[in-house]
1. Hey, what do the phi angles of the range 87-95 turn into as Karplus ³J(HN,Hα) couplings, whole Hz, using 6.51/-1.76/1.60 and θ = phi - 60°, x for Gly and Pro?
2. Once the other residues with Cβ under 12 Å from the Cβ of V155 are scored (Lys, Arg +1; Asp, Glu -1), what is the net sum?
3. Kindly provide the Kirkwood hydrodynamic radius of the range 384-536 in Å, to one decimal, from all pairs of distinct alpha carbon atoms.
4. Using θ = phi - 60° and the Karplus relation 6.51 cos²θ - 1.76 cosθ + 1.60, list the HN-Hα couplings for the range 289-302 in order, rounded to whole Hz, with x at every Gly or Pro.
5. Hey, what do the phi angles of the range 115-123 turn into as Karplus ³J(HN,Hα) couplings, whole Hz, using 6.51/-1.76/1.60 and θ = phi - 60°, x for Gly and Pro?
6. Which entries of K26/K210; K26/K138; K210/K242; K405/K527 have Cα-Cα distances beyond 26 Å here?
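Any read-out appearing in this document is the output of simple, stated calculations on the displayed coordinates, not a laboratory observation. Please read all numbers here as calculations on a predicted model, not as lab measurements. All Cβ positions, even for glycine, are placed from backbone atoms using ideal geometry, and neighbour counts span all protein chains on display.
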Amino acid sequence: MSLPPVSQERQNILRSLCLHNSTVDKAFSRLIRVADHLLNARSLVAVNDGKHQVIKYLDRLSESWSTTLGKSLFLSLCEHVATTGKPVIVEDAKAELMMSEHAVFEILGIGSYTCSPIITTDGCILGTLLVTKLEPHKWRDQELSILADLIESVVTEIELRTELNDLRKSKSKLEGSEQRYRILSELMSDYAFSGHFTMNGEVENDWITKAAFERVTGYSISEIVAQANIPTLLREYLAKTKADVLGVKSGNTTINQYRIRTKQGELRWLQVNHYPRWNEPKDRVVGFYGIVHDVTESKLAEQRELQLRAEEERSRVLRQCINIISHDFRTPLSILGTNIYLLKHSKATNNQDRLEVMERQIFRLTKIMDNILIVARLEDSTQWSFQSVDYIGLIKDTCRQINTKAHEQEVELLWQSIDDNIPLYISADSSHLHLAIKHLIENAIQFTPAGGQIIVRVLYNQSEAILEVEDTGVGIHENNLPHVFERFFRTDNARSNDGGGGMGLAIVKQVINAHAGSIEVESIVEKGTTFRLRLPMLKDEKVT
């Protein structure tokens, strides 16, 4: 019996993918294993390239089985189905007149069978899928639907492989080939889809792995199309992925993660990868592939990891705080204890010097406790109250309060402003901002030797109010500059070592951050330091 004529298109597909000369193929082997498992059957796939009938894959079948089939069943049943393109379904092989004369059915014990064509989306018949059972069997619609879906998935993979094979021939599209290889390797996980762009730029879907989509979301495609009782998160997800598709038109791959709520009410995280599909001759994107991964477990693992790190960081900061504060408390307490002992055992009538030492240590302890309470208060959002504030007026009031301390240290505190008569309004918590500016200027006073100067300067631009505190003090080594705003950071002459537990500049930084501002520092050792504080001005009251 001669073989039926085979189209050039089929020959090209089979030979380009080496489907005509290889006994085992991944797509067909997966098709057979799944069909055999779901239907408790024995199956094989056959292809015809115009010269040969080739058994692509058979499972649980002996070599003699395939040899016998190659001489009889092949040249009749498979050829008939491949020629007509129509499936054959036989519930009782012995009762079927067309095949009852073949002894092979008696030898192999075939009681019933179905043979279906493997047809591409453009109508090209690549081969046939034969599924057999030992006993007569009434093939249910559900079983035939399973076979149709399996064949469709294999055809989809073969078509993608055909396109991928063509892309690999183009050295300028190597990256695109790798992307499509990932699509093939991941096609059976979670769900995938494909589409194209129409002439007017609109998006049209080609296919989607429907069962997988329903498994991930709980919704069928028909429910999604009808938009019936679709939760907001899922609706937003579908809208955002459509927007991602438009981004693929420029030739870029997009990878984004979205949260959805399934039909069962469960919150899940999905990662959606969109890959452009190119028309090489025209060098333009004509469509796209999409791969969706359920990354909920990895997301939850990341969140647990972040929580663990946060707990570890809180524990580290707490230990550091306890160590530093205990050290800062131990020193003044030791000094107080020594002076109390000397006072008790001293016969001198004038103990003013020791009383002053004790007073200084008590002040130091008080300052440490005040800073601890300030940090706790800044962490409490209910303690903040923002309103429109005259920034220049606030800075002047702060300078007046500190001026006495500057005189005591024999440091000159100078004021500079472009125009004192022009108010600069900002949105601020005046008490907290006053505290930050006070800490900044007091820090400059503490590390500026007698005879030095501190200049408090106010500037502005179209969007920011700028405060500079410039001193002629000891300066800060360049290695310490990145760390001066860290809580508890201390060196021998660090600006953060203010007698308040190393929290002064950290408090300043925390307050400025809460005001959506920024703070910078410049310094030269033994020449001086400049802190520059920037805060956004109110748009309706800023200087023009």
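1. x, 10, 10, 10, 7, 9, 5, 5, 8
2. Details: positive: R161; negative: D122, D149, E152, E157, E159.
Here the charged neighbours net out to -4.
3. Values: mean 1/r = 0.0645 Å⁻¹.
Averaging 1/r across every pair of different Cα atoms and inverting gives 15.5 Å.
4. Using θ = phi - 60°, the values come out as 10, x, 10, 10, 10, 7, 10, 4, 4, 5, 4, 4, 5, 4 Hz.
5. 10, 10, x, 9, 10, 6, 5, 9, x
6. Numbers: K26/K210 22 Å; K26/K138 30 Å; K210/K242 17 Å; K405/K527 22 Å.
Beyond 26 Å: K26/K138.
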